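Okay, so here's the structure we're looking at.
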Amino acid sequence: QVQLVDSGGGRVQTGGSLRLSCAASGSIFRINDMGWYRQAPGKQRELVATITSGGRTKYLDAVKGRFTISRHNAEYTMDLQMNSLNREDTAVYYCNADVVDNENWSRGRYWGQGTQVTVSP
């Protein structure tokens, strides 16, 4: 079994900052790509940022220059530093990981439970 737990959400005023964290645990052999998604009310889930095991990153255009994704491979953790937040960033944020487990030697995508980010005027 593999579990992802994300945390760090909260309420912040426009222009503020938050740092989200994701921790993976369980029967992990290797974690490939990791990423953050978000889903705002009435909207589809969208990809915010991804990071490969080698540290290569990609970002949604709307967050470029404001958000920074990072990971610590040895600890199976990932962070998302979010600066200059605005109301359009309000959403539930989910971490996601492409994991090879060492029980069944299978590969699958796993999700965190989600953490709410609310940006107020």
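The values are calculated or read from the model by the stated rules, or taken from the named source; none is laboratory data. Note that the structure is predicted; figures quoted are calculated from it, not measured. Note that we place each Cβ from the backbone using ideal geometry, even for glycine, and neighbour counts take in every protein chain shown. When the accessible area is computed, the model is the full protein with side chains, heavy atoms only, and any ligands, DNA or RNA have been set aside. Shrake-Rupley method; radii C 1.70, N 1.55, O 1.52, S 1.80 Å.
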Quiz item: Can you pull the three principal axis extents for the Cα set of the range 19-121, in Å, largest first?
Solution: 47, 26, 19
Quiz item: Quick one: ranking E46, E88 by accessible area, 1.4 Å probe, largest first, what do you get?
Solution: E88, E46
Quiz item: If you roll a 1.4 Å probe over the heavy atoms of the protein chains, what accessible area per residue do you get for the chain, in Å²?
Solution: 54
Self-check item: Whole-Å distance, taken between Cα centres, linking the range 4-40 and the range 63-91
Solution: 8
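Take every Cα pair under 8 Å in the chain that's 6+ residues apart, average their separations, divide by the length, and report that relative contact order as a whole percent. Walk me through the intermediate numbers first.
Values: 306 pairs, mean separation 44.7, N = 121.
Once normalised by length, the contact order is 37 percent.
Run the accessible area of the range 53-121 with a 1.4 Å probe and give the carbon-and-sulfur part as a rounded percent. Intermediate results must be reported in sequence, preceding the final value.
Details: 1730 of 3800 Å².
In the range 53-121, the share of accessible area belonging to carbon and sulfur is 46 percent.
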Quiz prompt | Sequence of W36, W111, W105 when ordered by accessible area, the most exposed leading, probe 1.4 angstrom | solution = W105, W111, W36
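Among Y93, Y37, what's the order by accessible area (1.4 angstrom probe), most exposed first?
Y37, Y93
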Quiz item: By how many nm would the segment from S27 to E46 lengthen if fully extended, with 0.36 nm per residue of separation less the alpha-carbon distance?
Solution: 4.1 nm
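Just tell me the longest site-free run in the chain, where the sites are trypsin sites (Lys or Arg not before Pro) in a DSSP loop having at most 16 other beta-carbon atoms within 10 Å. Numbers along the way, then the final one.
On the way: sites that count: K43, R45, R56, K64, R66.
In the chain, the maximal stretch lacking such sites is 67-121.
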